[in-house]
1. Looking at 308, 273, 296 in this structure, which one is assigned to a helix (DSSP H, G or I), of a type in the set (Val, Ile, Thr), more than 28 Å from the chain's Cα centre (by Cα) and modelled with pLDDT of 90 or more?
2. Considering only residues of region 123-137 that are of a type outside the set (Gly, Ala, Ser) and outside any helix (DSSP H, G or I), which is surrounded by the most Cβ atoms within 10 Å (Cβ to Cβ)?
3. Give me the residue from region 314-329 that is among the β-branched types (Val, Ile, Thr) and under 28 Å from the mean Cα position of the chain (by Cα) and, out of that set, surrounded by the most Cβ atoms within 10 Å (Cβ to Cβ).
4. Is it fair to say residue 240 is farther than 16 Å from residue 61 by Cα and at pLDDT 90 or above?
5. Select, from 191, 278, 264, the only residue that is modelled with pLDDT under 85 and over 25 Å from the mean Cα position of the chain (by Cα).
6. Checking residue 303 against (1) at pLDDT below 90; (2) within 26 Å of the chain's Cα centre (by Cα); (3) assigned to a helix (DSSP H, G or I), which test does it fail?
7. So which helices (runs of 4 or more DSSP H) are wholly in region 317-404 and hold at least 3 residues that are at pLDDT 90 or above and farther than 22 Å from residue 101 by Cβ?
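The values are calculated or read from the model by the stated rules, or taken from the named source; none is laboratory data. A quick note: this is a predicted structure, and the numbers were derived from the prediction, not measured. Every residue, glycine among them, receives a Cβ derived from its backbone with ideal geometry; neighbour counts consider all protein chains shown.
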Amino acid sequence: MEKTDDQGAVQMTDPKANSNVSRLYTDNKEVILVGTAHVSRDSAELVRSVIEAETPDTVCVELCPSRYGAIRQQDQWRNMDIIKVVKEKKAFLLLSNLLLAAFQRRIAKKLGVKPGEEMIQAVEAADALGAQVHLADRDIRTTLLRTWRSMRLWDKVRVLFQMIFSAAGGIDEISEEDIERMKQEDILQMLLADVEKSFPSLKTILIDERDRYLAQRIRTAPGEKIVAVVGAGHVPGITRHWEEEIDMAELEAIPPKGRLGGLLKWIIPLAIISLLVLGFFYGGREAGTRMITWWIAANGILAGVGAIAALGHPLTILSSVVAAPLTSLNPMIAAGWVSGLVEAFSRKPKVRDFETLYEDILTIRGFWRNKVTRILLVVVFTNLGSMVGSFVAVPLMLKVFGGV
């Protein structure tokens, strides 16, 4: 079956071939598009058989550099500098990556397949033929940051907890209907399915943008004959955007932090400091002292509760209690960064923690037991506790000021 569009590009699907294999043409290139299920052994076998039969110049895979590295270098976690991660403010980003990996590994383990087996087969088959491997997906860090920057504060909190509970729970009760849905959906979309229902713009970033990105990367891949291995859920979007002019710079750009958020980061601490000064000025020493007490208590205690929830070291908990009232007034530093560094130095991860990281993230207990993930949880939960503490403290301080 052959179809020619208005611009003369031919798109063809061989009716005798597997329904998950289609052909796209552009310029002098032939692209064999293989739609796979990320949790299917049959898909992995299909990928290898197609590559071996077609002997392409290039094999495109739905992987970004960081995910490709995880496949090629299974021990890359051993080289991770967790202290550097905290200092560079990438704790949440790393935690998100680990939650995504945990979710995929739990599904794969339940179904008796390796996570990303179809991509592993594609890379190995390409190597065997001497074909070039071309990474077609957008960097996962860019996707996560674009998602994060597009959300409001409450949505971010919901996403965090949704990811934790989706990654480490609920897979044991998986149904046949869930398995069929997984064969057609993107792994990120599955992980955030519940949040996406109330925050539909997530689909634009997680799926629609990546459909366009994949289409452009595949279309411009080197070679005259290309096999492209992508999740089945991306196939309709890639086909739809095949002939479009796509601005890759726009899709790869990290949106700047909202201007309002940037201003509030400075305005809120200044407003709180001004409130404390006014409390001393109009209410005297007693009122000012009470306002400071509420600020320290609410921030310190709730930040400490966050560190306790992450099972932080006693010194970590103490540092969060001491740091939170001060860091909440400093736009350039957060309590979680301080407590995370204290946790990293107090319980420095050992080689074993990195070696067992991929197994430990399969359970809630493992997330809290492994020293690497515990540091990330300390950062996130301490920051969350400090943030809640600020919201609690301000009304209490205003009440004292109102009684002056």
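1. On the way: 308 fails: more than 28 Å from the chain's Cα centre (by Cα); 273 fails: modelled with pLDDT of 90 or more.
Just a single option satisfies the conditions, and that option is 296.
2. Taking region 123-137 and keeping what is of a type outside the set (Gly, Ala, Ser), we get 123-124, 127, 129, 132-135, 137.
Filter again for outside any helix (DSSP H, G or I), leaving 132-135, 137.
Working: 132: 16, 133: 18, 134: 21, 135: 17, 137: 23.
By that ranking, first place goes to 137.
3. Checking each candidate, the answer is 316.
4. On the way: farther than 16 Å from residue 61 by Cα: yes; at pLDDT 90 or above: yes.
When the stated conditions are applied, residue 240 passes them.
5. Numbers: 191 fails: over 25 Å from the mean Cα position of the chain (by Cα); 278 fails: modelled with pLDDT under 85.
Going through 191, 278, 264 in turn, the sole match is 264.
6. (1)
7. On the way: elements: 335-346, 351-355, 357-360, 364-369, 371-402.
Answer list for region 317-404: 335-346, 371-402.
Let's see how each residue does on (1) under 24 Å from residue 84 (Cα atoms); (2) surrounded by fewer than 15 Cβ atoms within 10 Å (Cβ to Cβ); (3) among the polar types (S, T, N, Q):
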| site | (1), (2), (3) |
| --- | --- |
| 336 | yes, no, no |
| 342 | yes, no, no |
| 346 | yes, no, yes |
| 365 | no, yes, no |
| 371 | yes, no, no |
| 382 | yes, no, yes |
